[in-house]
Every structure is written in structure tokens, then in C-alpha cells.
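Contents: one structure, followed by commentary.
The values are calculated or read from the model by the stated rules, or taken from the named source; none is laboratory data. For clarity, every value in this text was computed on a predicted model and none was experimentally measured. Cβ: placed from backbone, ideal geometry, glycine included. Neighbour counts: every protein chain shown. These accessible areas exclude ligands, DNA and RNA; they are computed on the full protein's heavy atoms, side chains included. Shrake-Rupley method; radii C 1.70, N 1.55, O 1.52, S 1.80 Å.
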Amino acid sequence: MLEKLLHLLTNHYDVKLVFKNAEGELAHYDDNTKTIYANETFKENEKELIAIVFHELGHKYCFDNNIFYHYHYEKNVRLFKLTALKAERYVDRWAKKELEKHGFD
């Protein structure tokens, strides 16, 4: 059931989901390939995986809408740090709304 749900979500948001064995890394979104890379350990925890996918979809939303440019593109560490917390909180709020929209709690 989880595979079918993930397939529907990735099609709906036009992204790919790739699992990888990356020690210390949970997940990230790559805008160049429109791919969410998630640590393969999340395959075993459905709730956590769904939350992570929606969080990374929030980053996709930011890329697509040029939100928090300095966080997503900036090479200047100072500018990156100034927007990092705001960007992550924004992405979490966006993900929560999208989760609720799709019937998750």
C-alpha cells in the first residue's frame, strides 16, 4: 500500500523518489533532477517517510516559487544562515497543510 501511495504522490507533485544508503543524511530535494533522495532506512517507517516526503515537497514548492532564495541557492554562508531557520519552518508549515489536504494527520 505504501508503494502505491508514494507512486500517487510523486506523480501528483511531478517528482521522483529515490532511496539511498547515506549515513547521516535523512533526505534532500534536488531541483535539477526533480528528485527527493531519502535514506533507505525510512522504508521501514511509513509515518516518518510520508512526513519526510512532504517536507521535501515543501522545498520543491520553494524552488518552484522562488521562495527563500538565499537558503536554496546562496553560496554565501552568512546569507544562508540568516534564512535557514525561517525557510525550514516555512517548509514544515507548508508540508503540514499539504498532509492535511491529503487526509493525513
Legend entry - Test: residue in region 69-80 that is open to solvent by less than 80 Å² (accessible area, probe 1.4 Å), under 14 Å from the mean Cα position of the chain (by Cα) and of a type in the set (A, V, I, L, M): no
Inset, instruction - For region 9-31, state whether one or more residues are open to solvent by 80 Å² or more (accessible area, probe 1.4 Å), within 23 Å of Tyr69 (Cα to Cα) and part of a strand (DSSP E or B). - result: yes
Inset, instruction - Test Tyr37 against the stated conditions and say whether it is buried (at least 18 other Cβ atoms within 10 Å of the Cβ) and more than 22 Å from Arg93 (Cβ to Cβ). - result: yes
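Can you tell me which of Ile67, Ile52 is hydrophobic (A, V, I, L, M, F, W, C) and not in a helix (DSSP H, G or I)?
Within the list Ile67, Ile52, the selection yields Ile67.
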Inset, instruction - Report, ordered by the first and then the second residue, all pairs with beta carbons closer than 8 Å, sequence separation of six or more or different chains, a first member in region 6-18 that is aromatic (Phe, Trp, Tyr), and a second member that is surrounded by 11 or more Cβ atoms within 10 Å (Cβ to Cβ). - result: Tyr13/Leu57; Tyr13/Lys60
Inset, instruction - Please work out if Tyr90 is in a helix (DSSP H, G or I), open to solvent by 70 Å² or more (accessible area, probe 1.4 Å) and modelled with pLDDT of 95 or more. - result: no
Inset, instruction - Could you check how many residues of region 40-55 are surrounded by 12 or more Cβ atoms within 10 Å (Cβ to Cβ) and within 17 Å of Glu100 (Cβ to Cβ)? - result: 6
